[in-house]
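A short worksheet on the structure shown next.
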Amino acid sequence: MRHDHPVSPSIRTPHSIVLLVGREDHSAPDSFGGASCVATADCVAVATVSPVDGPTSVSVAPSADEARLVVLGEFTIESEGQVSVRDVFHRDHDAMGVEPGFVDVRVLADTAVDPTEVVFVVRPGGS
């Protein structure tokens, strides 16, 4: 795996939602159903702090310092060889190359509700 951007971008999304997508033609979740983090077969969505209240630091990496972060969820999604952090208007904010197929995604954040920091830990998987 190769991480394209070693520094976490601080972004102000147009809505308080950040996506990690594995395929260009992905299917985003229809709703959160009260959860902070949900997924489909090829997309993970995280509810973040409102853009009015400040930016959200978002990163995607093969590992992370998990000691200070909470786990929002663990999912397996399908990838075409890259996972991308996007907003709801399909703008890319960060990306990481992965092997095509299934990857395991562990979603970490600084808080369980309305996080200002989100880390997508992506590893080969799909077992």
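Each reported figure results from applying straightforward, stated rules to the coordinates on display, with no laboratory input. Just so we're clear, the structure is a prediction, and the values are computed from it rather than from any experiment. FYI the Cβ positions are ideal-geometry reconstructions off the backbone, even for glycines, and counts take in every protein chain you see.
Listing 123, 23 from the residue with the fewest other Cβ atoms within 10 Å to the one with the most, what is the order?
Details: 123 13, 23 18.
With the sparsest Cβ surroundings first, the list reads 123, 23.
What residues have an amide H closer than 5 Å to that of residue 73, excluding those fewer than 5 places away on the same chain, when H is modeled at 1.01 Å from N in the peptide plane?
When sequence neighbours closer than 5 places are left aside, the close amide H contacts are 107.
Pull out the extension gain between residue 110 and residue 88, defined as 0.36 nm times the separation in residues minus the alpha carbon to alpha carbon distance; nm, one decimal.
Values: separation 22, 0.36 × 22 = 7.92 nm, distance 2.15 nm.
Taking residue 110 through residue 88 to full extension adds about 5.8 nm, to one decimal.
Of the labelled options (i) 15.2; (ii) 14.1; (iii) 16.7, which one gives Kirkwood radius over Cα pairs in Å as computed for this structure?
(ii)
How big is D for region 14-84, in µm² s⁻¹ as a whole number, if Stokes-Einstein is applied with the Kirkwood radius of its Cα pairs at 25 °C and 0.890 mPa s?
Values: Rh = 13.3 Å.
Value of D from the Cα-based Kirkwood radius: 185 µm²/s.
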